Amino acid sequence: MADKRIRLLVKAEVKKAIKDLNKLEHQTDDNKKSASGLTGAFKTMFGAAVLGAGIKTVVDTAATFESLQTRLIALKGNTHEASASFNAFTEIAKTTPFQVKNVVNAGIQLEAYGLQSEKATKQAADLAAFMGVDIVEASAAMGRAFAGGAGAADVLRDRGILQLIKDSQGIDDLTKLTLPQFRKALEDAMTDPDGSIAGSTDLLAATFTGKVSNMKDGIDQLANA
């Protein structure tokens, strides 16, 4: 009699366990469906966010490039020359550790100071790399020196550039030079292939920072295209 009761109790417990397992399995399936639905929703939201960010990047880049080209048109006076200048600045940016926006802004600054921007911008890039500053800052310093002579070249003096000019060219007092003479001395110092300034961008472009900058330029060009 006791054995029969034990068997009945065991049977009842087994049935209950099976029922609980079935219930758990059903809940698990529901959870899987819910999780799957939630994952799908997250994927949709994430995809939309990525697409939105990508579109924003493209729009922002295109707007920036258009703004730069508009400034160049105002500076050059016509679309053809502005387009040629923009292409020249883009090529400079590809081979220097400075991004297109900064190169264009530097070129505009140099042009405003009276320099031929396409030629002077590469010199300004070398000067910036040598001084360890951004090309916009270097262009401003170079432009002030070009326009006002040694007396206006306070940044170049602080950075040791004026001393470099004096030492390399044997000039005792730069303030005694006429403005054309000072301009020539400055250009000679920056373009001397055996000097310290020329080619500085090539060295910096070969570093990790320079390669990252050039990669960003490539991405910007792609986004604009």
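The values are calculated or read from the model by the stated rules, or taken from the named source; none is laboratory data. Quick caveat, the model's predicted, so the values are computed rather than measured. Cβ coordinates were reconstructed from backbone atoms using ideal geometry, including for glycine residues, and neighbour counts include every protein chain displayed. For accessibility, only protein heavy atoms count, side chains too; no ligands or nucleic acids. Shrake-Rupley method; radii C 1.70, N 1.55, O 1.52, S 1.80 Å.
The number of Lys pairs in the stretch 78-200 with C-alpha atoms less than 29 Å apart, excluding pairs fewer than 8 positions apart on the same chain, is 15. Full extension of the chain between Ala112 and Lys94 yields a length gain of 4.1 nm, computed as 0.36 nm times the residue separation minus the alpha carbon distance. Approximating the spin labels as points 7 Å out from Cα along Cα→Cβ, the Ala147-to-Asp167 distance works out to 3.0 nm.
In the stretch 109-203, if every C-alpha pair distance is counted and binned at 5 Å from zero, what percent goes to each bin? Going from the shortest bin to the longest, the percentages are 2, 16, 27, 29, 19, 6, 1. Phi angles across the stretch 103-109 convert, under the Karplus curve 6.51 cos²θ - 1.76 cosθ + 1.60 with θ = phi - 60°, into 3J(HN,Hα) values of 5, 5, 4, 5, x, 5, 4 Hz, Gly and Pro given as x. Surface exposure of the stretch 148-200, expressed per residue as accessible area with a 1.4 Å probe, stands at 55 Å². Given their separation in residues at 0.36 nm each and the Cα-Cα distance between them, His80 and Arg157 gain 23.9 nm when the chain is fully extended. Placing dummy labels 7 Å off each Cα toward the beta-carbon, the span from Thr70 to Gln181 is 4.7 nm.
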